[in-house]
Amino acid sequence: MNVRTDVLVVGAGIVGLAHALAAVRLGLTVRVLDRDAQANGASVRNFGFITVTGQQAGDTWRRARRSRDVWAEVAPQAGIEVAHHGLVVAARRPEAESVLQAFVQTETGADCRLMTPAQARDRVPALRADGLRAALWSPHELRVESRDAVPRLAAWLQRAHGVEILRSVQVLSIDTPAVETTAGRFEADAVIVCPGDDFSSLYAQRLARYELTRCALQMMRVRPAAPLRLGAAVMSDFGLVRYLGYAQLAPAVDLRRAIERDEPEMLEHGIHLIAVQSPHDDSLVVGDSHHYATTPGPFARDDVDNLILRELDRVLELPGRSVVERWIGTYASSPSRPMLVDRPAERVRIVVVTSGTGASTAFGIAEEVLAELA
Ligand SMILES: Cc1cc2nc3c(=O)[nH]c(=O)nc-3n(C[C@H](O)[C@H](O)[C@H](O)COP(=O)(O)OP(=O)(O)OC[C@H]3O[C@@H](n4cnc5c(N)ncnc54)[C@H](O)[C@@H]3O)c2cc1C
């Protein structure tokens, strides 16, 4: 084993792996170190929902489009199945329909279109007809089963690109070219630190300046009683006041007011509905809630899960469905920025996605970071 590589990446979540890919594509040698024995962070706890539509206009949307293209290119090579393409946002309130009408007029809504309830049910037959006013169709999204996709991406980087990934190795300090770890000293010309929501192990003082916190999300796997093909990712009214691409439109003010009036508990727990399907069986990954804390508690609340399921059952017809898994995931969160790239030293970068968009934007971010470093 060569002690020295061109690039050393700390963290084998999607952000670290995206940087490894961007580096090997520039012809650089890459080593990735992760303290966990297998992927265990936000990258395997998420929806695997590569979202373009609804991302904030500007950099995030541009990075999401680029990342979606990289996912589409890499997935077949790495043996990652794409479960479904596209997104249906089901609007039940008149205010939600107004948000969708405004959205399709925007630059980021250009390839999307409004659908009647019947058209929406052609796309997603499980959508409930009662109460459905209109829907948005976006062709951009794709969905992977993260808990398989991230390990497969890592294995492919090793196999096809010679990336060396060492697990159960904690990085203790960095003074390029030296990188001190629990497995001894490595060397690299450049180091990219992708620590997810760990703000204290490396460069704690620098990260403290960004006033980061953590967001905890409750998630479930729901198994339908009968065979089901969802056909696309599904969201509902509540997503339109969370995803900035919709929430920053003028009609979203009225929608938020209506939700505040009718269902304030959904806003209190930051609940919106995302339902996506597994490529392996009929199960759906369903979420989520948003609770912010420096150290989120480990305890999932039943009442919060029940609110998520209430919305699921309003939007989709899934008679006899059962919850077969529940988990909590956390991601780094900033009130003011969707991501950060910090430069603690000439050849070191810290890259943290500080919003729930890392699966959707990491490949785009990584190409920018490597271009600047190179
Ligand atoms: C429940 C949930 C749902 C989400 N849904 C979506 C979604 O649908 N679409 C989307 O785009 N995004 C989604 N996100 C956000 C997305 O998952 C994150 O933005 C992304 O996974 C962050 O990736 P990461 O590589 O930075 O972090 P992680 O996956 O947490 O990886 C960080 C890694 O760094 C390692 N590490 C940290 N410090 C060290 C050290 N000193 N030495 C060695 N290793 C270290 C850790 O062990 C860890 O493996 C969701 C997040 C959650 C929690």
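The values are calculated or read from the model by the stated rules, or taken from the named source; none is laboratory data. Because the structure is predicted, anything quoted here is derived from the model rather than measured. Cβ: placed from backbone, ideal geometry, glycine included. Neighbour counts: every protein chain shown. To get the accessible areas, we keep the full protein, side chains included, count just its heavy atoms, and leave off ligands, DNA and RNA. Shrake-Rupley method; radii C 1.70, N 1.55, O 1.52, S 1.80 Å.
Output ³J(HN,Hα) for the range 169-175: one whole-Hz value per residue in order, computed from phi by the Karplus curve 6.51 cos²θ - 1.76 cosθ + 1.60 with θ = phi - 60°, and x for Gly and Pro.
Result, rounded to whole Hz: 10, 8, 7, 9, 7, 9, 9.
Using a 1.4 angstrom probe on the protein heavy atoms only, could you order H161, H280, H84 from most to least accessible area?
Largest accessible area first, the list is H280, H161, H84.
To the nearest 20 debye, what is the magnitude of the charge dipole of the chain about its Cα centre, counting +1 on the Cβ of each Lys and Arg and -1 on the Cβ of each Asp and Glu? Please list the in-between numbers first.
On the way: 42 positive and 46 negative charges, 55 e Å.
The calculation lands at about 260 debye.
What's log10 of I(q)/I(0) for the range 124-267 at q = 0.17, 0.18 Å⁻¹, Debye sum over Cα points only, no solvent?
Calculated log10 I(q)/I(0) at the listed q: -1.20, -1.25.
Check each of the GluC sites (Glu not before Pro) in the range 1-102 and keep only those in coil by DSSP with at most 16 other C-beta atoms within 10 angstrom; list them in order.
E81
With the calculation restricted to Cα positions, what are the radius of gyration and Dmax of the range 72-171 in angstrom?
19.2, 54
Tell me, what ³J(HN,Hα) does each residue in the range 281-293 have, in order and in whole Hz, if you take phi through Karplus 6.51 cos²θ - 1.76 cosθ + 1.60 with θ = phi - 60° and put x for Gly and Pro?
So the J values, rounded to whole Hz, are 8, 7, 5, 10, 8, 10, x, 8, 10, 9, 10, 9, 6.
Need the full-extension length gain, E81 to A250, defined as separation in residues times 0.36 nm minus the C-alpha distance. One decimal, nm.
57.1 nm
Find how much the distance from H280 to E368 grows on full extension, using 0.36 nm per residue of separation minus their present alpha carbon separation; answer in nm with one decimal.
The H280-E368 span can extend by a further 28.3 nm.
Using 19 Å as the cut-off for backbone N distance, which residues of the range 64-108 belong to the label zone defined by a point 7 Å from the Cα of L26 along Cα→Cβ?
Within reach of a label on L26: 66-67, 70.
Please work out the C-alpha center-to-center distance from the range 1-76 to the range 314-352 and express it in whole Å.
The range 1-76 and the range 314-352 have Cα centres separated by 14 Å.
About the Cα centre, and with charges only on the beta carbon of Lys, Arg (+1) and Asp, Glu (-1), how big is the dipole of the range 9-84? Nearest 20 debye, please.
In total the dipole reaches around 200 debye.
Sequence-distant or interchain residues sharing an amide H contact under 5 Å with L316, placed H: which?
Residues meeting the criterion, in which the H sits 1.01 Å from N, are R128.
Run the dipole for the range 157-283 about the Cα centre, Lys and Arg Cβ at +1, Asp and Glu Cβ at -1, nothing else charged, and hand back the magnitude in debye, nearest 20. Kindly include the intermediate steps, with their values, before the conclusion.
On the way: 13 positive and 17 negative charges, 43 e Å.
With Lys and Arg at +1 and Asp and Glu at -1, about 200 debye.
May I ask for the net charge around Q170, where only other residues with Cβ less than 15 Å from the Cβ of Q170 are counted and Lys, Arg are +1 while Asp, Glu are -1?
After counting each charged neighbour, the total is 0.
Counting only helical runs of four or more DSSP H residues, what would the 222 nm mean residue ellipticity of the chain come to if each run contributes -39,500 (n - 2.57) and the total is spread over all its residues? Before the final figure, lay out the partial values.
Values: 12 runs with 124 residues, N = 374.
Helix-only estimate at 222 nm: -10000 deg cm²/dmol.
Please compute the per residue accessible area over the chain with all protein chains in place, 1.4 Å probe, rounded to a whole number of Å².
Here the residues of the chain average 40 Å² of exposed surface.
Stretched out fully, how many nm does the piece from L172 to A57 gain, at 0.36 nm a residue minus the Cα gap?
37.7 nm
Over the alpha carbons of the range 255-344, what is the largest minus smallest coordinate on each principal axis, giving the biggest first in Å?
Cα extents, longest axis first: 53, 39, 24 Å.
Taking the dipole about the Cα centre of the chain, with the C-beta of Lys and Arg at +1 and of Asp and Glu at -1, give me whichever of H85, Q38, V323 is farthest to the positive side.
About the Cα centre, the residue reaching furthest to the positive side is H85.
What distance in nm lies between label points placed 7 Å from Cα along the C-beta direction at V324 and N40?
Label-label distance for V324 and N40, simple model: 2.5 nm.
Once the Cα gyration tensor of the range 1-109 is diagonalised, what are the square roots of 5 times its eigenvalues, in whole Å and ordered largest first, as equivalent ellipsoid semi-axes?
35, 16, 13
Tally Lys/Arg at +1 and Asp/Glu at -1 over every other residue whose Cβ is under 11 Å from the Cβ of H85; what's the total?
+2
Would you please calculate the Kirkwood hydrodynamic radius of the range 121-190 over all C-alpha pairs and express it in Å, rounded to one decimal?
After inverting the pairwise mean of 1/r, the radius is 17.0 Å.
Once you have all Cα-Cα distances for the range 185-302, histogram them in 5 Å bins from zero and send the whole-percent values.
Result, from short to long distances: 2, 8, 13, 14, 14, 15, 14, 9, 6, 3, 1, 0 percent.
At 1.4 Å probe size, with no ligands or nucleic acids counted, give the accessible surface of S168 in Å², nearest ten.
In the full protein context, S168 sits at about 70 Å².
Viscosity 1.002 mPa s, temperature 20 °C: Stokes-Einstein D of the chain from its Kirkwood Cα radius, in µm² per second? Numbers along the way, then the final one.
Details: Rh = 21.1 Å.
Value of D from the Cα-based Kirkwood radius: 101 µm²/s.
Run the accessible area of the range 186-274 with a 1.4 Å probe and give the carbon-and-sulfur part as a rounded percent.
50
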